[in-house]
Amino acid sequence: MNPTKKSGRLAVGLLLGLLAIEANAHGDVTPHPVDTSSLKPVGKEWVFPNPYRGNEKAAAVGATGYLHNCAGCHGLNAITGGVAPDLLKMNQECLGMAAKEQQASCLKDGDEYFKDITLHGKKTADGRYTMPAYDEVFTQEAVWAIRAYIDARSMEEMKK
Ligand code: HEC
């Protein structure tokens, strides 16, 4: 093959890749369903606190869901690049509480908050979405799997 042609193609490929990252960083993301078929179903009625808390399999499923839906704004591995709030911080406040009862109640409140924002997204006063709503594509299982992943990441970072 002609070497100039080959490197030309490589450059185009690189450019397209960069454009995709750029689009993500600016929030042009369509919600993608999360395949939770490997997890025990929770059902339609909302359950609090997160029934998948501490469930490693759910956290792994949530990691994929997070990567496809949230990482573009909230950062790879849930480490924010500043485009959107740090999702680890909220959990770390709860996880740092010494009293178990207080910690459980803090995490449960966090679960409700997380579910509401994930399903409904966030809008500015003039109705522009700063974060998309996921209620059309996410099941309860998807929300809790992603939350379980963020829990696991929060704990990992705290151990460092
Ligand atoms: C288009 C970018 C974008 C995407 C994609 C996105 N978010 Fe957000 N998210 C934001 C922004 C911006 C805010 C802050 C909005 C505000 O406070 O007005 C936010 C806020 C939040 C908050 C509240 C954080 C806090 O400290 O109060 C949670 C929880 C959250 N997002 C979860 C998620 C989850 C889970 C996903 C993926 C399913 C996701 N977000 C996808 C941009 C995004």
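The values are calculated or read from the model by the stated rules, or taken from the named source; none is laboratory data. This structure is a prediction, so every number in the text was calculated from the model and none was measured. We place every Cβ from the backbone using ideal geometry, glycine too, and count neighbours over all the protein chains shown. The area values use the complete protein model at the heavy-atom level, side chains included, leaving out ligands, DNA and RNA. Shrake-Rupley method; radii C 1.70, N 1.55, O 1.52, S 1.80 Å.
Scanning residues 5 or more positions from residue 122 or on other chains, those with amide H under 5 Å from its amide H are 130, 131, with H placed 1.01 Å from N in the peptide plane.
Given a 1.4 angstrom probe, what's the average accessible area per residue across region 31-159, in square angstrom? Don't jump to the answer; show the numbers that get you there.
Values: 7330 Å² over 129 residues.
Averaged over the residues of region 31-159, the accessible area is 57 Å².
Segment residue 45..residue 102, full-extension length gain: 18.0 nm, with 0.36 nm per residue of separation and the alpha-carbon distance subtracted. Based on alpha carbons, the Rg and Dmax found for region 31-159 are 14.1, 42 Å. When the C-alpha to C-alpha distance is required to be over 31 Å, the pairs from 44/160; 123/159; 40/123; 108/159; 123/160 that qualify are 44/160; 123/159; 40/123; 123/160.
Sequence-distant contacts, meaning Cα pairs under 8 Å at least 6 residues apart, place the relative contact order of region 31-159 at 40 percent.
Ignoring ligands, DNA and RNA, what percent of the accessible area of region 31-159 is carbon or sulfur (1.4 Å)? Display every interim value, and only then the final one.
Values: 4000 of 7330 Å².
Here it works out to 55 percent.
Computed 3J(HN,Hα) for region 143-152, one whole-Hz value per residue from the Karplus formula 6.51 cos²θ - 1.76 cosθ + 1.60 where θ = phi - 60°, is 4, 6, 5, 5, 5, 5, 5, 5, 4, 4, glycine and proline marked x. When Lys and Arg each count +1 and Asp and Glu each count -1, what net charge do the other residues less than 13 Å away from residue 121, Cβ to Cβ, add up to? Summing Lys/Arg as +1 and Asp/Glu as -1 gives +1.
How big is the dipole moment of region 51-160 about its Cα centre under a simple scheme where the beta carbon of each Lys and Arg is +1, that of each Asp and Glu is -1, and everything else is neutral? Debye, nearest 20, please.
For region 51-160, the charge dipole is close to 220 debye.
How many nm is it between the label spots at residue 76 and residue 116, if each spot is 7 Å from the Cα in line with the beta carbon? Here the answer is 3.4 nm between the modelled labels. One decimal place: the segment residue 56-residue 157 gains 34.7 nm when fully extended, by the rule 0.36 nm per residue minus the C-alpha distance. Here the peptides 71-84, 119-132, 33-46, 54-67 are ranked by packing, the mean other Cβ count within 10 Å, and the order with the highest first is 54-67, 71-84, 33-46, 119-132.
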